[in-house]
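Written out below as structure tokens is the structure these notes cover.
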Amino acid sequence: MKNKILFSVTIIVVFLLGLLASSIINRKSEAKYKYVPKVIIAENEPRNEIWGQNFPKEYQSSLRTADTSYVSYQGGSQMRDMLEEDPRLVILWAGYGFSKDYNQGRGHAYAIEDIHNTLRTGGPKGEGDGPMPATCWTCKSPDVPRLMNEKGITEFYSGKWADKGAEVVNSIGCADCHDPENMKLRITRPALVEAFDAMGKDINQVTHNEMRSLVCAQCHVEYYFNKNIPGKEGVPYLVFPWENGMTVEDMESYYDDIEFSDWTHALSKAPMLKAQHPGYEIFTTGVHADRGVSCADCHMPYKSEGGQKFTDHHIQSPLNNVSNACQVCHREESTKLIANVYERQQKAHENRLHLEDLLVKAHLEAKKCWDLGATEDQMDAILTDIRHAQWRWDYSAASHGGSFHSPVETARVIGGGIVVAQEARIKLARLLSALGYNEPIEMPDISTKEKAQEFIGLDIETLKAQKAEFKKTLLPKWLEEAKQREAGYDSKKVASASN
Ligand code: HEC
Ligand code: HEC
Ligand code: HEC
Ligand code: HEC
């Protein structure tokens, strides 16, 4: 009897101790996981490290976009010199900045460094100098929403790239996609809001799932600078050309209607369009978009660390992270999924190169026509074909990831480009023959980037020297000025946040 009582008491005591222990553990982990802000983030705070004090997991993972060790067949985080890999691009972009220097994108952490370094931004000596407008900063930094709030949108787009060099210094980050008050996803780039307006849609009505793609569509889209907006004449105002829709034909008709061209080709004199990176547009035509999969599902999948689930802010090629990025939905082996992606990319690439060859020839044949005394009337239809064919090539080439995001649409666009380029070359052959020339055009040696650049008459050494001078003199001044300014920002430490 005594033993039985002792036994029951022991059981009860052990049970109560267990309860106590589990409650302590719960409290502890509650304390550990309870969100206690360490700083009050100011409305326009551009510095990721300040946001990072409140959200260390998201911040730490975002720092990994600085890792440049991963290479895939077409993408990855390494800096790849695309002109070196394919010197034909130099011919396609003759007369335009991209023929000077074009590297494949790497991680978000490099957005500022890479725009400082590219030869396309030149070597400005001070305010008002250099080839690029201030608008070029728009997709690089959380300093952009800050400046737009402080100065106004049109004022932000006004002036030269160099004018805002000391202002835009923090690489893509938290304030680009989040509201500091409640961390909700938000759109900070007016061009996207205005493009929705132009299509008769209200971006405030979109679903949370759509926002998980639209935050990316602030930058990974086709755009141009419109200098003819009534009341804002002369300002290179950023516009997404979606008024007629987002397909290659919709945007082409938009540009044709307003007779817009990015530049005049140095060899063929065609009024060219440079597709920027219509990544979002082409994605929306694919099967993943159709099934409601968002950019963030593959490029920012959930991750678990120390029992905590959070959104991985290491935005990168999903092929470097197949288990989290794909295998939540697909049961296939990782090697098989990667092979599926490569197969789509390789097949699109094969035809894209055919189109490229046709375009190189068309530009050179058109140049020959001019040299032989062709008139503008004779050239008009040919140059329109060249414009339209290269627009199709660029739309498919520049929509990074497009041949996986939407392989069928990508193939259709390239196929259409091949047809138009062939039509241009039939017209060219007829005109050449009318001008008394009946042989194939001699092709220059463009087997390396250097040879191709020399052929189009680029003086790369001078451009490099100007860039080096800029990095030695003006750039350090920008960075120093930024440091001084940021020392006066008003994000506040929360006094009681000792844990
Ligand atoms: C179903 C998964 C998936 C979705 C959804 C998705 N992507 Fe991708 N994305 C990929 C894959 C796979 C690649 C190819 C990566 C490679 O070649 O290394 C890629 C490539 C890219 C690239 C080029 C990256 C590189 O390393 O070259 C960019 C930029 C990109 N995607 C942006 C987006 C944007 C913006 C969206 C939404 C509009 C989106 N992606 C939606 C899977 C996805
Ligand atoms: C504020 C503009 C901006 C936003 C917003 C943005 N990006 Fe980017 N993204 C860039 C720029 C600029 C680069 C190129 C950086 C470099 O190479 O210097 C880039 C690069 C990338 C790359 C690497 C490209 C490569 O070839 O490896 C991927 C992948 C990518 N972004 C995906 C996304 C996804 C997914 C989203 C949305 C969750 C997103 N980005 C939102 C501007 C942006
Ligand atoms: C290119 C856009 C983009 C940038 C830049 C970005 N985020 Fe996010 N963030 C997202 C998306 C998308 C989600 C998922 C939101 C959802 O589905 O509710 C997210 C989710 C979060 C969440 C919610 C918790 C979680 O992990 O899901 C926090 C907190 C957060 N981000 C913090 C940050 C911080 C801190 C930074 C800067 C270091 C940052 N984010 C930069 C797009 C971005
Ligand atoms: C959120 C779920 C989801 C994620 C994440 C996802 N997929 Fe898919 N994927 C789908 C759905 C749904 C389909 C459409 C086929 C279907 O309905 O069965 C699909 C279709 C495909 C297809 C065939 C379509 C085509 O383009 O030919 C491939 C290949 C594919 N996915 C690869 C991938 C890879 C690689 C990743 C990771 C980078 C990935 N998916 C991530 C849901 C997902």
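The values are calculated or read from the model by the stated rules, or taken from the named source; none is laboratory data. Because the structure is predicted, anything quoted here is derived from the model rather than measured. So basically every Cβ, Gly included, is an ideal-geometry build from the backbone, and we count neighbours across all protein chains shown.
Report, by residue number, each residue of region 49-86 that is in contact (Cβ under 8 Å) with a residue 12 or more places away in the chain and hydrophobic (A, V, I, L, M, F, W, C). Answer for region 49-86, where residues must be in contact (Cβ under 8 Å) with a residue 12 or more places away in the chain and hydrophobic (A, V, I, L, M, F, W, C): 50, 51, 55, 63, 66, 79, 82, 83.
Yes or no, residue by residue, for (1) surrounded by fewer than 21 Cβ atoms within 10 Å (Cβ to Cβ); (2) away from ligand 1 (no atom under 16 Å from the Cβ); (3) among the acidic types (Asp, Glu); (4) not in a loop (DSSP other than H, G, I, E, B):
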position: 111; (1), (2), (3), (4): no, no, no, yes
position: 123; (1), (2), (3), (4): no, yes, no, no
position: 129; (1), (2), (3), (4): yes, yes, yes, no
position: 141; (1), (2), (3), (4): no, yes, no, no
position: 149; (1), (2), (3), (4): yes, yes, no, yes
position: 156; (1), (2), (3), (4): no, yes, no, yes
position: 168; (1), (2), (3), (4): no, yes, no, no
position: 180; (1), (2), (3), (4): yes, yes, no, no
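If you check 381, 389 for being part of a helix (DSSP H, G or I), of a type in the set (Gly, Ala, Ser) and surrounded by fewer than 18 Cβ atoms within 10 Å (Cβ to Cβ), only one passes: 381. Checking residue 313 against (1) more than 25 Å from residue 111 (Cα to Cα); (2) within 11 Å of ligand 3 (Cβ to nearest atom), which test does it fail? Failing condition for residue 313: (1). Any chance region 364-374 includes a residue that's surrounded by 15 or more Cβ atoms within 10 Å (Cβ to Cβ) and in a strand (DSSP E or B)? For region 364-374, residues surrounded by 15 or more Cβ atoms within 10 Å (Cβ to Cβ) and in a strand (DSSP E or B): absent.
Taken across region 81-90, residues that are assigned to a loop (DSSP other than H, G, I, E, B), within 29 Å of residue 477 (Cα to Cα) and at pLDDT below 95 do not occur at all. Taken residue by residue, region 330-345 has at least one member that is assigned to a loop (DSSP other than H, G, I, E, B), within 16 Å of ligand 1 (Cβ to nearest atom), on the phi < 0 side of the Ramachandran plot and not acidic (Asp, Glu).
Per the conditions (1) modelled with pLDDT of 95 or more; (2) of a type outside the set (Asp, Glu); (3) surrounded by 13 or more Cβ atoms within 10 Å (Cβ to Cβ), the sole criterion not satisfied by residue 491 is (1).
Tell me, please, whether a residue that is more than 16 Å from ligand 2 (Cβ to nearest atom) and either on the phi > 0 side of the Ramachandran plot or in contact (Cβ under 8 Å) with a residue 40 or more places away in the chain (or both) can be found in region 99-113.
yes
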